[in-house]
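Notes for the one structure printed next.
The values are calculated or read from the model by the stated rules, or taken from the named source; none is laboratory data. Treat the numbers as computed from the prediction; the structure is a model and nothing was measured. All Cβ positions, even for glycine, are placed from backbone atoms using ideal geometry, and neighbour counts span all protein chains on display. Just so you know, the surface numbers come from the protein's heavy atoms only, side chains and all, with ligands and any DNA or RNA stripped out. Shrake-Rupley method; radii C 1.70, N 1.55, O 1.52, S 1.80 Å.
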Amino acid sequence: AMEAAQREAERVRVARLEKQKEQERLQQQKLMNEKQKAERRAKAKILAEKAMVAYRTGNYKESVSLFEQAVDLDPEDKVYYYQYGIALYKVDLFNKSIVILNASDSSKVNEVEKNYYLGLNYFRLKEFEKSLELFEVVKKSQNKAMAPSAAFYKGLIHFQKLQYEQAKPEFEHVLDISEDPKLDERAEAYIEQIASILYFAKQKATKFFLNGTLASQYDSNILFSSDSAADQGTATDLGGLRMLGIGGAKYRPIYGKNHELSTDLNVVYYYSLDEAFNSADPFQITAKIPYAYKTAIGSKGYKLDITPGYEILNMDVEDTGTRDNILSSVLLDVDNTIVMSPNWFSAYKINLRLDDSKIDVTDPADDASATKITIKTSQMFFMNKTKNKIIGDLGFIVNSADGANNNFTRIDLGSSYIHPLVWFKSDLSWSTGLTFYNLSYGDRADGRKDSNINLNTSLSKKLSETLGLSVTGEYIKNSSNVDANVYSKFTMMMALSANVSF
């Protein structure tokens, strides 16, 4: 504020001097005869033309000098003052440019352009309030060339003042009226940046997250799985209706530009309406402590996630009506995500599980306690502005079990497509995916080898800020050299989800 006051005082002083010089020039001109006046006007015109050539070629210092001489020779022509003032802006003499532009009061001067350059001068001097007033005048003029730019500078001023909610509509107005692709691109970049800043601020203020899902599922062939490989379970050849409940609670004490730390607790509970397959219903509790480090590698965004955890699986294996702890697991997930480009995200993951099976076995070869390592990469490609996504997955799993019958290796391939259905004018999204895995139990006497194909599709709709509804269908076909593991199945599920954060 003190600097602005000093500059204003300097402008008053310079304006007084310029007015004095102008009066002296006009007085000298009155003493000349018509021939002398005409000669000076002609010379001033030539100098002004040379100044414009210098200006257009980027030689602004020469342009300033020539315009100043033209003003001296013909003080009555205020257009020279105007051109002189713009040239002063180009050589960063903003304070003097304001004085000269204000002195160029003439009907021949383009007032919209004059206000625009005055606004630029005040902007460069960081006298934003005066700049906003002038840019608002230019914006309201609806001038095709300068109104979009004035709106852009208004947005930029609000952005620099951290007034993001006021900056956003100015940049959106640029997109509405601009015919300049480069200006549109810059406005879009600021809109995206504002969205990120507002999202970050909201996330930083949010500490607690609660989520829950209630679902009804029909499964034509329920799998029985007593270890961590839920999709490799034995088919029961029983089908029926199941209810599913999922709940989660998260506390995030740290959320910053580079670091994020939280604690997560999640519960998954299946309940089959037919008692015949209650023994296949899992009750799983997982506790995790995710840590994320966010930075940049060169020009690429990078995120490292390290997540230790502990998991308990409860099932009624003995069909006694009580779900007992049959598996406890220590978890460690390490995920690396790199933003290769605005339309390509690349992820590389290593997951480690230490499974401790609680099921008593008569043959040590059947012990399911194991060390399981998963190495996986996911490549996500955004197809267009509606954020259609194609995701490709490749994974390799090694399960080293205490019991030889549970040793296996597995190769996973997958691809999915996500498409927002924007024509419904609502938050509706469709996704579909195809996955395949090849599984080999190398140490089993039967040499079991499976090939599994999974085709799934789903529709999800956001009902409100907290509620969402989804419908999912899935078909699975498992081929194996062991007859007991040959099966096909389909599932249909409808789920209502709720998310609350504060």
May I ask you to verify whether K207 is touching a residue at least 40 places away in the same chain (Cβ under 8 Å) and out of contact with any Leu (no Cβ under 8 Å at 6 or more places or on another chain)? yes
Quick check: anything in the stretch 190-204 more than 16 Å from the chain's Cα centre (by Cα) and either hydroxyl-bearing (S, T, Y) or surrounded by fewer than 13 Cβ atoms within 10 Å (Cβ to Cβ) (or both)? no
Enumeration of residues in the stretch 128-148 that are surrounded by fewer than 20 Cβ atoms within 10 Å (Cβ to Cβ), within 33 Å of the chain's Cα centre (by Cα) and outside any helix (DSSP H, G or I): Q142, K144, A145
Quick one: would you say T374 is hydroxyl-bearing (S, T, Y), open to solvent by less than 30 Å² (accessible area, probe 1.4 Å) and part of a strand (DSSP E or B)? yes
Scan (1) buried (at least 17 other Cβ atoms within 10 Å of the Cβ); (2) within 49 Å of the chain's Cα centre (by Cα) for the single condition V53 breaks and write down its number. (1)
When every residue in the stretch 22-41 that is without any contact (Cβ under 8 Å) to a residue 60 or more places away in the chain and among the acidic types (D, E) is compared, the one surrounded by the most Cβ atoms within 10 Å (Cβ to Cβ) is E39
Tell me, please, whether a residue that is over 30 Å from F381 (Cα atoms), hydrophobic (A, V, I, L, M, F, W, C) and more than 18 Å from the chain's Cα centre (by Cα) can be found in the stretch 285-304. yes
Give me the pairs, please: first residue somewhere in the stretch 161-175 and free of Cβ contacts under 8 Å to residues at least 60 places away in the same chain and assigned to a helix (DSSP H, G or I), second residue anywhere and of a type in the set (K, R) and open to solvent by less than 70 Å² (accessible area, probe 1.4 Å), beta-carbon distance under 6 Å, and either six or more positions apart or on two chains. E170/K154
When you scan the stretch 305-347, how many residues do you find that are in a strand (DSSP E or B) and more than 35 Å from the chain's Cα centre (by Cα)? 8
Condition first: basic (K, R), within 30 Å of G256 (Cα to Cα) and exposed (fewer than 14 other Cβ atoms within 10 Å of the Cβ). Can you find one or more residues in the stretch 287-303 that meet it? yes
